[in-house]
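Q: This is the structure I want to talk about, given as structure tokens.
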Amino acid sequence: MSKQTIFSGIQPTGIPTLGSLLGAIKHWERLSTEYTCLYCVVDMHSITVRQNPEELRANTRQMLAWLIALDIDPSQNILYIQSQVPAHAELSWILNCFTYMGELSRMTQFKEKSIKKAENTNAGLFTYPVLMAADILLYQTNLVPVGDDQKQHLELSRDVAGRFNKVYGDIFKIPEPYIATVGARIMGLQNPTSKMSKSEENINDTIFLSDPPNVIIKKFKKAVTDSDNQICVLPEKPGVSNLLSIYSVITGTTLADCEKEFEGQGYGHFKTTVGEAVADLLLPYQKEQARIIADTSYLTKVAEEGAAKARELAATTLAIVKNAVGFQ
Ligand code: TYM
């Protein structure tokens, strides 16, 4: 039996965060031996927010280098840049005609972003989840490893695929989300009731993968907790619970064992230990990323080879879809 397919994507807007690493990328690496994996730097999604062209070009390469440094091996995975595979845009148009305004209006991310970016609520922001559906459905994807924040978009992809199949027969595989039980929603360190995000204005809220060890430890020391001294996972203790989740994913220990490890300890020691574990985890990746980004021709070759493989796979589904809808 041939291997099943995995697809996932990440936006190249700025430096990736500890949230994207623990919620998604960590699982991408783990799954790549069992599946055919496509991992995509989604620069087309990024222009829903106004970008400086040179910065976007540089950030896209930075992100590619990060993924390679984080063990997404380009010889084992199809690693590529979205805009180098035009089939994404073509399928996205077709799927737009199978997606309702009502369902797009209900997307939480659209509602939030259209308030935050009221001056630029463009049509791309509105149809963003349709381009995501195209990314996924183009490769007959079985499984999509993402953080919890992408769940609603994945449900929409499934609905659109099902609707299309109802009209034209079994054209698309219906993709399943793959969302981890711990770490699927890493929260901000300053505001542990909202997810850690690269666009957060308070830089102490977010751990960027490029943060030096002393900065990481400082940010963890400043992390917001609460006024009692119990180190356990509870809904009314979002700060402490978040730090425990981070520590659990990084050390590969269950949450219950993490709670035991810190039993009777003070918050100061707890926060420093978690910060040190994160700093230790990231340091080798940071060195590797710096090495890879300096190797311009290697990165260009990875992107070109990945895009060529993706284009070939995408062409098969796109031809079937175009034929189904009645194109020449
Ligand atoms: P993006 O670039 O915002 O995030 C990349 C991945 O990281 C996960 N993630 C998190 N997980 C846990 N805690 C957090 N604080 C956290 N922050 C980010 C995200 O869930 C995501 O899995 N629209 C997508 C990119 C995309 C995509 C796709 C994903 C485009 N096409 C097709 C899957 C399939 C996005 O903006 O992810």
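The numbers here are math on the coordinates, done by the rules we state, and not lab data. Model, not experiment: these values are computed from the prediction. Neighbour counts run over all protein chains shown; Cβ positions are idealised from the backbone, glycine included.
Q: Counting each DSSP H run of 4 or more residues in the chain as -39500 (n - 2.57), what helix-only mean residue ellipticity at 222 nm follows after dividing by all residues, to the nearest 500 deg cm²/dmol? Walk me through the numbers on the way to the answer.
A: Numbers: 13 runs with 172 residues, N = 328.
Calculated mean residue ellipticity at 222 nm is -16500 deg cm²/dmol.
Q: Hey, any idea what the orientation-averaged projected area of the convex hull of the chain's Cα atoms comes to, in nm²? Don't skip to the end; give the middle numbers.
A: Working: hull surface 71.5 nm².
Over all viewing directions, the chain projects a mean Cα-hull area of 17.9 nm².
Q: For region 36-63 and region 220-245, write down the distance between their C-alpha centroids in whole Å.
A: 34 Å
Q: How large is Rg over Rh for region 115-203, taking Rg from the Cα atoms and Rh as the Kirkwood inverse mean of 1/r across Cα pairs? Walk me through the numbers before you get to the answer.
A: Details: Rg = 15.9 Å, Rh = 15.0 Å.
Result: Rg/Rh = 1.06.
Q: Hey, another quick one. To the nearest 20 Debye, how big is the dipole of region 106-245 about its Cα centre, given +1 on the beta carbon of each Lys and Arg and -1 on that of each Asp and Glu? Before the final figure, lay out the partial values.
A: Details: 18 positive and 16 negative charges, 30 e Å.
So the magnitude is around 140 debye.
Q: Separate question: Give the average over all directions of the projected area of the C-alpha convex hull of region 1-85, one decimal, in nm². Each step should come with its number before you reach the end.
A: Details: hull surface 23.2 nm².
Reported value for the Cα convex hull: 5.8 nm².
Q: Further, regarding this structure: What ³J(HN,Hα) values, in whole Hz, does the Karplus curve 6.51 cos²θ - 1.76 cosθ + 1.60 give for region 94-100 when θ = phi - 60°, with x put for Gly and Pro?
A: Taking θ as phi minus 60°, the curve returns 4, 5, 4, 7, 10, 10, 8 Hz for region 94-100.
Q: In whole angstrom, how far apart do the alpha carbon centroids of region 132-156 and region 265-314 sit?
A: 22 Å
Q: How big is region 164-216 by Rg and Dmax over its Cα atoms, in Å?
A: Rg and Dmax of region 164-216, Cα atoms, are 18.7, 57 Å.
Q: Taking the Cα atoms of region 34-134, what is the range of coordinates along each of the three principal axes, in descending order and whole Å?
A: Sorted from largest, the Cα extents of region 34-134 read 41, 30, 23 Å.
Q: Tell me, C232, C97 in order of fewest to most beta-carbon neighbours within 10 Å? Intermediate results must be reported in sequence, preceding the final value.
A: Working: C232 15, C97 9.
The order, fewest Cβ neighbours first, is C97, C232.
Q: How far is helix 151-168 tilted off the main Cα axis of the chain, in degrees rounded to 10, range 0 to 90?
A: Helix 151-168 sits roughly 20 degrees off the main axis of the chain.
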